[in-house]
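Reviewing the structure listed below.
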């Protein structure tokens, strides 16, 4: 018997204020051995460094370049999905390294199972690429996100996926309405939100350690996740979105009874932890304001979501 034709793959790379790392990521993608693939770059950087712009110009015939004025990784993922022509859409960050030329083939291999809607790939720290340990609590439908890691060798079903390395059937992304752009700013938990949406619709998302990327954590640009546990003045605005997104995803998918525990957990870890307590009154006031503003905004976002669903 002849094998079925290899599915067409679309790789979407949202990028924002990344330069040399973006070029490295694209070079690795263009070395992939998969026979039918398109690379879509959703560029949100206002002005690139000359070397980066020259590289993108040189790739004009090999990539699809979309421009997006308003920075949003969620909106970029939606734009890339709409533009894609592949059966499966692979999402990667703009600050990764891919050593394996069969990376895309490893993603595609999972879709021989028609029950698989999405794949979470393995993400190793580029500066310390040692595998981690599997935590069985990651499968918990309520608290699994807090125990999720994508650096271990244990294949299984998951409630979240890493935006640096994940894929989904394009038709299903569109069928459930795409990625929720109410998850805003740093977009913390946007991948978790989408996986929970797929699970609610009866679909499976699996973790596969074979398709692996090496991620340069904390690199400037992107969602500025370097502010996580940070103390710089700009961290307060970043944290407002962080608190909003955590609360909004919980209101959207989980029982209301878990919300007090979630808020207490966030408050203890990100408002009143010991290092922050030593930063002084002004810092504490600003971080408390970010917490209250983020949680209040999440309630408003969820009310709008429910109102739109009733129309």
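Of note:
- Some residue of segment 145-167 being assigned to a loop (DSSP other than H, G, I, E, B), in contact (Cβ under 8 Å) with a residue 60 or more places away in the chain and more than 20 Å from residue 100 (Cα to Cα): no
- Some residue of segment 242-251 being out of contact with any helix residue (DSSP H, G or I) (no Cβ under 7 Å at 6 or more places or on another chain) and over 23 Å from residue 93 (Cα atoms): no
- Of the residues 218, 280, 222, the single one that is within 27 Å of residue 131 (Cβ to Cβ), loosely packed, with under 15 Cβ neighbours inside 10 Å and modelled with pLDDT under 95 is 218.
- Residue check, residue 99 without any contact (Cβ under 8 Å) to a residue 60 or more places away in the chain and in contact with a strand residue (DSSP E or B) (Cβ under 8 Å, 6 or more places away or on another chain): no
- Leading residue by the ranking (surrounded by the most Cβ atoms within 10 Å (Cβ to Cβ)) among those in segment 93-139 that are in contact with a helix residue (DSSP H, G or I) (Cβ under 7 Å, 6 or more places away or on another chain) and in a loop (DSSP other than H, G, I, E, B): 94
- Test: residue 263 is at pLDDT below 95 and not assigned by TED's automatic domain parsing to the domain that holds residue 187: no
- Qualifying residue in segment 196-206 (condition: outside the structural domain of residue 166 (by TED's automatic domain parsing), under 28 Å from residue 14 (Cα atoms), in contact with a helix residue (DSSP H, G or I) (Cβ under 9 Å, 6 or more places away or on another chain) and assigned to a helix (DSSP H, G or I)): no
- Taking helices (runs of 4 or more DSSP H) as the structural unit, those lying wholly within segment 1-92 and holding at least 1 residues that are in contact (Cβ under 8 Å) with a residue 60 or more places away in the chain, in the same structural domain as residue 109 (by TED's automatic domain parsing) and surrounded by fewer than 20 Cβ atoms within 10 Å (Cβ to Cβ) correspond to 20-30, 73-83.
- Flag for residue 233 being under 18 Å from the mean Cα position of the chain (by Cα) and either assigned by TED's automatic domain parsing to the domain that holds residue 160 or not in a helix (DSSP H, G or I) (or both): no
The values are calculated or read from the model by the stated rules, or taken from the named source; none is laboratory data. Keep in mind that what you see is a predicted model, and the values were worked out from it rather than measured. So basically every Cβ, Gly included, is an ideal-geometry build from the backbone, and we count neighbours across all protein chains shown.
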